[in-house]
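What follows is a single structure, written as structure tokens, with notes after it.
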Ligand code: URA
């Protein structure tokens, strides 16, 4: 065991896993390993040679990578550049380092969108076989019947093929919560339309493990290291599930 080096909680805190106290709890809960062994409180590490992992994912020093969670307002488009000079999601976050949106929300869709310069994560998140759950609240025309909601769950046939089974629940008479892991163009709108309830307003409320009810439309924040980690874990397990399917 390394008796020199830094206290593990200090290293974790520096990587954004919360206060030193929170990092001590993380260690005590057995979620932190050093070179594959579950770490105990008091453990010291040398980051140049010890491999620290949280929930099985290495705490890498990846300088320069940023991950922003944006609450996209309606009317802003999800591309990095717009040839027509319209306002894009990239205009709402810091311009340096340059980031790009992960996947897209329609111009008229609101809610959570991830922007990053982490190409590896963006690729894995947008690849259908790694599709993490995305949760939407759809305000629709009319009041969907149970049969309509069942159709959403079982999958509906769209012009580009049937949708995978989804989770769907009625929240209020004209408000449906839908969780999908595919990322087809205008998918939720087309699914709702296909069951006879066109969408009036669509808000994405969760991306994998990421939720945030406190961000106002147009506001963004950096993901904590723990959130980045949890996203990586979600991507890995979604990829694993799709390989098994
Ligand atoms: N489904 C849609 O219909 N639109 C979005 O923006 C995202 C998912």
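For the chain, the relative contact order comes to 20 percent (Cα pairs under 8 Å, sequence separation of at least 6).
With N the number of residues in the stretch 124-233, Rg(Cα) / (2.2 N^0.38 Å) evaluates to 1.12.
Solvent-free Debye calculation, one equal scatterer per alpha-carbon of the stretch 71-150: log10 I(q)/I(0) at 0.15 Å⁻¹ equals -0.64. Please state the Cα pair-distance histogram of the stretch 45-190 with 10 angstrom bins from zero: what percent is in each bin? Distribution as computed: 10, 31, 30, 19, 8, 2, 0 percent.
Annotation for residue 237 and residue 224: the two label points, set 7 Å from Cα along the Cα-Cβ direction, are 1.8 nm apart.
Taking one quarter of the surface of the convex hull spanned by the alpha-carbon atoms of the chain gives a direction-averaged projected area of 15.3 nm².
Straightening the chain between residue 65 and residue 86 buys 4.9 nm, computed as 0.36 nm per residue apart minus the Cα-Cα spacing. For a label point 7 angstrom out from the Cα of residue 108 toward its Cβ, which stretches of the stretch 201-217 have the backbone nitrogen within less than 13 Å? Answer for the stretch 201-217: 201-203.
Modelled spin-label separation between residue 37 and residue 215, with each label point placed 7 Å from Cα along the Cα-to-Cβ direction: 4.0 nm. Label zone (residue 98, point 7 Å along Cα-to-C-beta; backbone nitrogen cut-off 15 Å) within the stretch 105-120: 116-119. Panel order for 136, 68, by other beta carbons found within 10 Å of each beta carbon, from fewest to most: 68, 136.
Kirkwood-type hydrodynamic radius, the stretch 1-122: 16.7 Å, calculated from all non-identical alpha-carbon pairs.
In the stretch 44-115, how does Rg compare with the Kirkwood Rh, expressed as the Rg/Rh ratio over alpha carbon atoms? Rounded to two decimals, Rg/Rh equals 1.17.
Inter-label distance, residue 127 to residue 28: 3.9 nm, where each label sits 7 Å from its Cα along the C-beta direction. As a rough guide to protection, the peptides 176-186, 82-92 ranked by mean Cβ packing within 10 Å, highest first, stand as 176-186, 82-92.
Can you give the relative contact order of the stretch 80-185 as a percent, counting alpha carbon pairs under 8 Å and 6+ residues apart? Taking the mean separation of contacting Cα pairs over the length of the stretch 80-185, I get 22 percent.
Quick note: the coordinates plus some simple rules give every number you see, no bench work behind them. The model shown is predicted, which means the values in this text are computed figures rather than measured ones. So basically every Cβ, Gly included, is an ideal-geometry build from the backbone, and we count neighbours across all protein chains shown.
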